[in-house]
1. Taking the stated definitions as given, is Ala212 part of a helix (DSSP H, G or I), touching a helix residue (DSSP H, G or I) at 6+ places or on another chain (Cβ under 8 Å), modelled with pLDDT of 95 or more and closer than 29 Å to Lys106 by Cα?
2. Only one of (1) of a type outside the set (S, T, N, Q); (2) farther than 20 Å from Ala11 by Cβ; (3) under 21 Å from the mean Cα position of the chain (by Cα) is not met by Ile247, so which one is it?
3. Could you tell me which residue of the range 227-243 is farthest from Val19 (Cα to Cα), considering only residues that are small (Gly, Ala, Ser) and surrounded by fewer than 24 Cβ atoms within 10 Å (Cβ to Cβ)?
4. Scan the range 283-299 for residues that are of a type outside the set (A, V, I, L, M, F, W, C) and touching a strand residue (DSSP E or B) at 6+ places or on another chain (Cβ under 9 Å) and jot them down.
5. Test Val50 against the stated conditions and say whether it is under 20 Å from the mean Cα position of the chain (by Cα) and not assigned by TED's automatic domain parsing to the domain that holds Leu266.
6. Which residue pairs have Cβ atoms closer than 7 Å, lie 6 or more positions apart in sequence or on different chains, and pair a first residue in the range 56-79 that is basic (Lys, Arg) with a second residue that is surrounded by fewer than 19 Cβ atoms within 10 Å (Cβ to Cβ) and outside any helix (DSSP H, G or I)?
7. Which of the residues spanning the range 244-253 are surrounded by 17 or more Cβ atoms within 10 Å (Cβ to Cβ) and either touching a Pro at 6+ places or on another chain (Cβ under 6 Å) or of a type in the set (Ser, Thr, Tyr) (or both)?
8. Could you list, in sequence order, the residues of the range 87-124 that are part of a helix (DSSP H, G or I), touching a residue at least 24 places away in the same chain (Cβ under 8 Å) and either farther than 30 Å from Lys176 by Cβ or in contact with a Gly (Cβ under 9 Å, 6 or more places away or on another chain) (or both)?
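The values are calculated or read from the model by the stated rules, or taken from the named source; none is laboratory data. Treat the numbers as computed from the prediction; the structure is a model and nothing was measured. Note that we place each Cβ from the backbone using ideal geometry, even for glycine, and neighbour counts take in every protein chain shown.
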Amino acid sequence: MKNDIKIYLAAPRGFCAGVDRAIEIVKKTLEKYGSPVYVRHEIVHNKNVVESLKKLGAIFVEEISEISDFSRPVIFSAHGVPKAVPEQAKLKKIFYIDATCPLVSKVHRETEQLFKKGFDIVLIGHKNHPEVIGTMGQLPNGSIKLVENLRDIENLKFSKSVAYVTQTTLSVDDTKEIIDALKKKFPDIKGPIKEDICYATTNRQSAVKRIAPDCEMFFVIGSRNSSNSARLVEVAKKSGCKHSELIFYGKKVPIDKIKNCKIIGLSSGASAPEELVQNFINEIKQKMNVSIEEVITANEKVVFKLPKELN
């Protein structure tokens, strides 16, 4: 006899407007220009998405130097790129389309304006994440100081006015703690007019916070290199569900553990297709009697326009 289980399904979850736009850019570029089309770095951090685009004719590279045919278009990923990358493409006369999320581009513009006004700039983010590399690469080397945690603040010394910007996919609560510490050390520090952590990150974390305290286990569908997915797991743990884990490409659903639960929670990162969520649910349905309650904490209506090259 099958056990009963209830799944609290977080909403919003999954694709955000920036991810939708980036995937659409690859598909439309293939339609308009034929294949192959090169994509610098994973367009979004999800293996399923990348594999499906490869089947349509996308070739993924990490650097422009890996491109063998300069007559083909290249697309820059949703995470954004350092200024040197489009400059390199122009030198090689490569036609490129920029799929950087508009909310990441906003952070790029902020850093440039702050630099022009003579500010010393702090970026709160994760070292080596492509978005952080892209943001730091908008300005000359050494113009931006990276802060990953409270310890990093102790070593900061500035002679000019200070401002901060943040990566768009951080934990809202952890970032607030870092911002409060920066304000304590630099009382006149200037922050963004509108918060840099994007609406989708904030909404997905809020939905997880609502559900996690009532769950025995919490699962986030997403990739290991997806910052926003990893943050959702952290948020679930901090909200009271210690048994929270990431379900990534190739990882088996831990059915034996799930069978011992009455209530579990489920969400997905901003680059995870909804199909993966439904696959996860269907796998549990084979072993248990499942009831689902979708917990909606926000309605997202954001849509970003495609670049003019594709209109």
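1. no
2. Result: Ile247 passes all but (2).
3. Gly240
4. Of all residues in the range 283-299, those of a type outside the set (A, V, I, L, M, F, W, C) come to 283, 285-287, 289, 291, 293-294, 297, 299.
Answer for the range 283-299, where residues must be of a type outside the set (A, V, I, L, M, F, W, C) and touching a strand residue (DSSP E or B) at 6+ places or on another chain (Cβ under 9 Å): Lys287, Asn289, Ser291, Glu293, Glu294, Thr297, Asn299.
5. Spelling it out, Val50 is indeed under 20 Å from the mean Cα position of the chain (by Cα) and not assigned by TED's automatic domain parsing to the domain that holds Leu266.
6. Arg72/Pro36
7. Passing the criteria: only Ser244.
8. Matches in the range 87-124: Gln88, Ala89, Pro102, Leu103, Val104, Ser105, Val107, His108.
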